[in-house]
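Here is the structure we will look at.
The values are calculated or read from the model by the stated rules, or taken from the named source; none is laboratory data. A quick note: this is a predicted structure, and the numbers were derived from the prediction, not measured. All Cβ positions, glycine included, derive from the backbone under ideal geometry; neighbour counts span all protein chains shown. We work out accessible area using only protein heavy atoms, side chains counted, and drop any ligands, DNA or RNA first. Shrake-Rupley method; radii C 1.70, N 1.55, O 1.52, S 1.80 Å.
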Amino acid sequence: MTTRDDIETFIARCALGDRKAFKSLYDATSAKLFGVTLRVLNDRGEAEDALQEIYVKVWNGAKRYQAGGASPMTWLITIARNHAIDRLRARKRHDSDDDAMARMPDPTPGVEHRLVAKAEAQRVVECFGTLEEERAEAVRRAYLDGETYADLADRFAVPLNTMRTWLRRSLIKLRECLEA
């Protein structure tokens, strides 16, 4: 059984570049750190890759460990957990981009939607046929072409308020026709 002092010694010797101490540290702690990464990542292959990266961090950061402070296992587990969380976040960002594309609905309307739209368009055309020709033209120009009421009043040579009345009454007549 490896003690806290043994692990602190291994870390201190790793800071000096001792490869045997690093192997001993790995043998003493890798099972625990693997369990931490596997719990976070929930993927055995990714946890194994993460564990290798974690030990590279431990090797490079061994000089920063302060003996007598926090438990050496707490220090190692913190490194492992933080690294696993970073990988999980990176995976979610990558997955979310791919998954978002896969979950995007097909923007083209389905057959049923196209049939309904076609029937509705036909009803609108029929209802436009119930309007006087000038008024139907004024509605088209105002609401489909974006012409202003003032421009329409000039075009049809009627006062502005008359144009407003034409449009309001025409829209009411269209609504009644479409609701019937």
In degrees, nearest 10, range 0 to 90: what is the angle between the Cα axis of helix 72-103 and the longest Cα principal axis of the chain?
20 degrees
Note, the range 23-33: 3J(HN,Hα) by Karplus (6.51, -1.76, 1.60, θ = phi - 60°), whole Hz, Gly/Pro = x, goes 4, 5, 4, 4, 4, 7, 10, 4, 5, 5, 5
Take the Cα radius of gyration of the range 22-73 and divide it by 2.2 N^0.38 Å, with N its residue count; two decimals is plenty.
1.18
Calculate, in nm to one decimal, what S71 and Q52 gain on full extension: separation in residues at 0.36 nm each, minus their alpha carbon distance.
4.7 nm
How do the peptides 134-147, 114-127 rank, highest first, by the average count of neighbouring beta carbon atoms within 10 Å per residue?
134-147, 114-127
Could you give the size of the charge dipole of the chain about its Cα centre, using +1 on the Cβ of each K and R and -1 on the Cβ of each D and E, expressed in debye and rounded to the nearest 20?
920 debye
Cα gyration tensor of the range 1-97, axes a ≥ b ≥ c as square roots of the eigenvalues: rounded (a/c below 1.5), prolate (a/b > b/c) or oblate?
prolate
Tell me the label-point distance for the pair N60, R123, using the 7 Å Cα-to-Cβ offset, in nm and rounded to one decimal.
6.6 nm
Give the accessible surface of the chain per residue, rounded to a whole number of Å², with probe radius 1.4 Å and ligands, DNA and RNA excluded.
69 Å²
Result: in the chain the number of Lys pairs with C-alpha under 28 Å apart, spaced 8 or more or on different chains, is 11
Hz values of 3J(HN,Hα) by residue in the range 40-51 - Karplus curve (6.51, -1.76, 1.60), Gly and Pro given as x
6, 7, 6, 8, 4, x, 5, 5, 5, 4, 5, 4
Could you check the simple spin-label distance between D6 and R169, using points 7 Å along Cα→Cβ, in nm with one decimal?
10.0 nm
Dipole moment magnitude, nearest 20 debye, the range 122-180 about Cα centre, only Lys, Arg, Asp, Glu C-beta charged
220 debye
Specify, per residue and in Å³, the volume enclosed by the convex hull of the alpha carbon atoms belonging to the chain.
241 Å³
